[in-house]
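Below is one structure, written out as structure tokens; comments come after it.
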Amino acid sequence: DSKGRINIPSKFRQCLSIENDDTFILARGLDSCIYAYPLIIWQEIENNLKNLSSLSKTNRIFIRDIVRYASPTKYDRQGRISLTQTLINYAKLKKEILIIGVVNKIEIWNPNQLKIIEEQNKEIDQSNYNDLANKIIL
């Protein structure tokens, strides 16, 4: 809406909130979207980031880019969350959004941006994709 709030579907609210005091973390996604992590998952990410050597310039830039835009949030009584203007701009969000559940987080997308990413993904080397699928899918 005009205040930068979006309604998270109840099935996703339950997944994000379990054992997290209804708190979760919004962060810049890696593909021009917004990631919403349950607090417990974000804490694991922070621990992994702490293990990266700060002697590496690449690591420092990566850590900075991940945490600088991360912000905790909670639902209001209507199940809405407020997005920061920085995240809205990064994900190029407009009136219409798409929310996707992805294993340990949700992704918040501009549907047009997702179509662009999906088109780019068609160019992925299919043999690498199949190798990865064979490792994961039984």
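In a residue-by-residue description of the range 44-56, the property of being in contact (Cβ under 8 Å) with a residue 60 or more places away in the chain and under 15 Å from the mean Cα position of the chain (by Cα) applies to no position.
For residues that are small (G, A, S) and loosely packed, with under 11 Cβ neighbours inside 10 Å, scanning just the range 79-138, find the one that is nearest to R13 (Cα to Cα). First the steps, then the outcome.
Of the residues in the range 79-138, the ones small (G, A, S) are 79, 82, 91, 101, 127, 133.
Add one more test, that the residue is loosely packed, with under 11 Cβ neighbours inside 10 Å, and what stays is 127, 133.
Values: S127: 36, A133: 29 Å.
Result: A133.
In this structure, is E46 farther than 24 Å from G4 by Cα, surrounded by 11 or more Cβ atoms within 10 Å (Cβ to Cβ) and at pLDDT 90 or above? Yes: the conditions hold for E46.
The values are calculated or read from the model by the stated rules, or taken from the named source; none is laboratory data. Just so it is clear, the model here is predicted, and its values are computed rather than measured. Quick reminder, even Gly has a Cβ in these numbers, built from the backbone with ideal geometry, and neighbours come from all protein chains shown.
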